[in-house]
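The values are calculated or read from the model by the stated rules, or taken from the named source; none is laboratory data. The structure presented is a predicted model; accordingly, all values stated were derived computationally and were not measured. Ideal geometry is used to build each Cβ from the backbone, glycine not excepted, and the neighbour counts take in all protein chains shown.
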Amino acid sequence: MKDYAISDAVLVTNYINGSEGALATLIERHKQRIYSFIYSKVFDRDVSEDIFQDTFIKVIKTLKSGKYNEEGKFLPWVMRIAHNLVIDHFRKGNRMPKFEDNGEFSIFSVISDGDLNAEKKLIKGQVEEDLRMLIQELPEDQKEVLVMRMYRDMSFKEISEKTGVSINTALGRMRYALINLRKVIEKNNIVLTN
Amino acid sequence: MANFYLKSFNKEEKQLEPKKSTVDFILNYSKALKVTKYEDIQFETLLN
């Protein structure tokens, strides 16, 4: 942590009391660290700019509305906001189609009916069938845990209660089930993607 | 997948910072935003 002539806490107080210059100093002081943190998560310059901007909009609103408390340090607080916005970004990404600007616009890159076409449905069915066969090759204890977790959506706590082993053992069996599946897939050059 | 997680930054990437326009936008936003409290209600006004 660098020592500055004016601490962050003083700048924050000055900003709350109306000094806009104090905010400029805070941004100048921490922009590189905050931006690099965001970029290290999203690997996209434009998205990083957006999240950086949204982070400081939240900071400004919180400070101006008098909701900020000086219990924590300024930078960790801002980093936490940035971190939460990065998480929001990825959550949104899972729900919404992303338009990537590659010079050519295609309406179908942002609009689809959400259903798989006939070919993809067929491939998906084959992949799932292949996977079911591979799972049958696993040792019984590993197969049991994997089926409960992946197909019945049970938690490891529920699996441990059902099978009478500890949670750690159930986790270990799941891990080895996945390792063994990968080994079989690699060994037989099986393609499980559509 | 492993490559994705282990992707290392080069020196230039480590010195990343936001564009000046982004910082300017934030500073202008800050200047324009007024938060007014009336009893328990809080109003945000952008004075542009």
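Pairing each residue of region A:16-38 that is in contact (Cβ under 8 Å) with a residue 24 or more places away in the chain with any residue that is part of a helix (DSSP H, G or I) and of a type in the set (Asp, Glu), provided the two are 6+ apart or on different chains, yields C-beta distances under 8 Å for A:Leu26/A:Asp8; A:Arg29/A:Asp8.
Return yes or no: is A:Ser48 within 25 Å of B:Leu46 (Cα to Cα), surrounded by 20 or more Cβ atoms within 10 Å (Cβ to Cβ) and at pLDDT 90 or above? Criteria met by A:Ser48. Among the candidates A:Ile123, A:Ile111, the residue that is loosely packed, with under 12 Cβ neighbours inside 10 Å, of a type in the set (Val, Ile, Thr) and either closer than 30 Å to A:Asn188 by Cα or modelled with pLDDT under 80 (or both) is uniquely A:Ile111.
When A:Lys67 is tested against the conditions (1) within 27 Å of B:Gln15 (Cα to Cα); (2) at pLDDT below 95, the lone failure is (1).
Here region A:145-163 is the region considered, the condition is being in a helix (DSSP H, G or I) and among the basic types (Lys, Arg), and the residue that is surrounded by the most Cβ atoms within 10 Å (Cβ to Cβ) is A:Arg149. Residue count for region B:16-26 under the criterion of being assigned to a helix (DSSP H, G or I) and either β-branched (Val, Ile, Thr) or touching a helix residue (DSSP H, G or I) at 6+ places or on another chain (Cβ under 6 Å) (or both): the result is 3.
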